[in-house]
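Quick notes on the structure that follows.
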Amino acid sequence: MELFTIKAFKQTLGLLLVDILVIWLWAKNENLGEGSAMVIYLVVPYVFIINVIIGGILFFVKRPYSMMFFVNCLVAPIITYWAFTSELRNQSRSAYDMWDFNLKDTTFRIDKSNNYNRFSMTYSNSGGSSIEFLTGEYVQNKDTLKLKADSINMYIHKNKLYNFRHSKQPIPLRFYD
């Protein structure tokens, strides 16, 4: 039995394409919210073990196909890790909208949750750690985002922040992509 033939290569390539499709669909349909990074540590070994089991069964039933699954034991976890980390990154980006602006030597950031009507503001000085100083709720009215926390009312309109610290001038915001 030859280890590597054209037929075996085509079958392995076909299995690889099926792997990519199934794993990508699996990752895409998972709701990977905050704290889902641990899922990756469970899913990757799971995929490896499934391929070892399938390869072991095929070793006794259809020996030529077993080598494909043993090779797939190495490839499928890498694909799984890539698909799940990419989807986790995409889902976490779409869960929040973020803006920042600078006043003097301080950088302020506004984080708006797209899943809940909550927002928070943080600040940091000269590249240091950030400190959250304000949380509240928002209301979206067409192209205006009204921010309310305690007795503070601000709003964002056309990437400008109005009424921050009772400022009469709007503050231009940089939108995080």
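Coordinate-derived values only; no laboratory data. Just so we're clear, the structure is a prediction, and the values are computed from it rather than from any experiment. We place every Cβ from the backbone using ideal geometry, glycine too, and count neighbours over all the protein chains shown.
Miscellaneous remarks
- Here segment 6-94 is treated as an ellipsoid with the same Cα gyration tensor; its semi-axes, largest first and in whole Å, are 28, 13, 8.
- Neighbour-count ranking [beta-carbon atoms within 10 angstrom, fewest first] of 156, 20: 20, 156
- Short-range pairs are left out: with C-alpha atoms under 8 Å and at least six residues apart, the relative contact order of segment 6-94 is 42 percent.
- Counted over the chain with a bin width of 5 Å, the fraction of Cα pairs per bin, in whole percents, is 1, 7, 13, 14, 11, 9, 8, 7, 7, 6, 6, 5, 4, 2, 1, 0, 0.
- Calculated P(r) tail over 19 Å for segment 104-175, as whole % of Cα pairs: 32 percent
- When you restrict to C-alpha pairs under 8 Å that are six or more residues apart and normalise by the size of the chain, the relative contact order lands at 13 percent.
- Annotation for segment 153-177 versus segment 63-94: alpha-carbon center distance of 43 Å.
- Ranked for footprinting exposure by Cβ neighbours inside 10 Å, fewest first, 101, 133 give 133, 101.
- For 10, 112, 168, the sequence from fewest to most other C-beta atoms within 10 Å is 168, 10, 112.
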